[in-house]
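The values are calculated or read from the model by the stated rules, or taken from the named source; none is laboratory data. Because the structure is a prediction, the values reported are computed rather than measured. In this analysis, Cβ positions are derived from the backbone assuming ideal geometry, glycine residues included, and neighbour counts consider all displayed protein chains.
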Amino acid sequence: MSEDARRAELVSALGRVRARIADACAAAGRRTTDVTLVVVTKTYPADDVRRLAGIGVRDVGEARLPELRDKRAALAGDEAVTRLRWHAIGRLQRNKARATARLADTVHSVDDPRLVPVLARGAADAAEDGAAGPLGCFVQVSLDGDPERGGVRADALLPLCEAVATAEGLALLGLMAVAPLGADPDRAFARLRELSDEVVAAHPSATAVSAGMSGDLEQAVRHGATHLRVGAAVLGPRPPLG
Ligand SMILES: *Cc1c(COP(=O)(O)O)cnc(C)c1O
């Protein structure tokens, strides 16, 4: 596909997603400015990230460290790209967490207290590289208790939030979750909202909620999501994992 055709395709898909978000916000009595669209670029080429930056996207999400590293390197020096915020949304392995924290502006998937000191070291690396602020962190909570899919169990949520909030160089932004497979996303995100209320009671500034993907962003907005992680609805069918 030509550069112009791909760009036009992204412009129209992004417009459709923004319209869905606007409709969902209107239905929920919320302002669109309170919802951040993170376009999940995992498995799509670096050129798509560059095109997105050129058509007004500010936030992109990557799931795996090698891809995050390669894309940042490939796009270094591109003017529009330098304004992007990079979100790490995939499961964090402890041996990759430090490098991830160094390269990302925000991490969505903190789900184990053993990650906290490692992320703090990566945040210190980033500060030495010139990063302006702390590393924004979402604690990922499991809504189905299935450890295979990531997320801390609800009964261990508050101690993990406390560990993130008190770690040097990390800022607790709020909670992240993925709706359980086959479950009603409305119920899942309603539960997430309750857990978020508990976290905010202990950490008043941790009001962010990362929830909602291509298929369930309306339900997420209805239940207070502030960050939507949307891939396929913007970028089209996902290329297979390499
Ligand atoms: C891939 C991914 C998304 C985006 O999913 P789409 O269905 O492409 O919108 C969101 N969140 C996480 C954690 C992901 O891994």
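Structure summary
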{"item": "Of all residues in the stretch 201-215 being surrounded by 17 or more Cβ atoms within 10 Å (Cβ to Cβ) and either modelled with pLDDT under 95 or over 18 Å from T32 (Cα atoms) (or both), the one that is farthest from the ligand (Cβ to nearest atom)", "result": "H203"}
{"item": "Residues located in the stretch 158-187, provided they are within 16 Å of the ligand (Cβ to nearest atom), part of a loop (DSSP other than H, G, I, E, B) and more than 15 Å from the chain's Cα centre (by Cα)", "result": "P180, L181, G182, A183"}
{"item": "Search result, residues across the stretch 197-215 that are of a type in the set (V, I, T) and outside any loop (DSSP other than H, G, I, E, B)", "result": "V199, V200, V209"}
{"item": "Among the residues listed as D155, D70, the single one being in a helix (DSSP H, G or I) and under 24 Å from R191 (Cβ atoms)", "result": "D155"}
{"item": "Condition check for D111: over 24 Å from G236 (Cα atoms), modelled with pLDDT of 95 or more, away from the ligand (no atom under 13 Å from the Cβ) and surrounded by 15 or more Cβ atoms within 10 Å (Cβ to Cβ)", "result": "no"}
{"item": "Residue match in the stretch 188-196 (condition: among the hydroxyl-bearing types (S, T, Y), within 18 Å of L160 (Cα to Cα), in a helix (DSSP H, G or I) and away from the ligand (no atom under 13 Å from the Cβ))", "result": "yes"}
{"item": "Among the residues listed as L143, L175, L115, the single one being in contact with a strand residue (DSSP E or B) (Cβ under 8 Å, 6 or more places away or on another chain) and not hydroxyl-bearing (S, T, Y)", "result": "L175"}
{"item": "Extreme residue, farthest from the ligand (Cβ to nearest atom), among residues of the stretch 216-230 that are part of a loop (DSSP other than H, G, I, E, B) and on the phi < 0 side of the Ramachandran plot", "result": "H223"}
{"item": "The stretch 27-43 - residue that is within 29 Å of P240 (Cα to Cα) and outside any loop (DSSP other than H, G, I, E, B) and, of those, farthest from the ligand (Cβ to nearest atom)", "result": "T36"}
{"item": "Subset of the stretch 73-100 (residues that are within 16 Å of the ligand (Cβ to nearest atom), charged (D, E, K, R) and part of a loop (DSSP other than H, G, I, E, B))", "result": "R91"}
{"item": "Failed condition for A127, given (1) touching a helix residue (DSSP H, G or I) at 6+ places or on another chain (Cβ under 9 Å); (2) at pLDDT 95 or above", "result": "(1)"}
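To keep it simple, each residue is scored yes or no on (1) over 18 Å from A126 (Cα atoms); (2) touching a residue at least 12 places away in the same chain (Cβ under 8 Å); (3) touching a Lys or Arg at 6+ places or on another chain (Cβ under 9 Å).
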position	(1), (2), (3)
Y44	yes, yes, yes
I55	yes, yes, yes
D59	yes, yes, yes
E62	no, yes, yes
L65	no, yes, yes
D70	no, yes, no
A73	no, no, no
A76	no, no, no
E79	yes, no, no
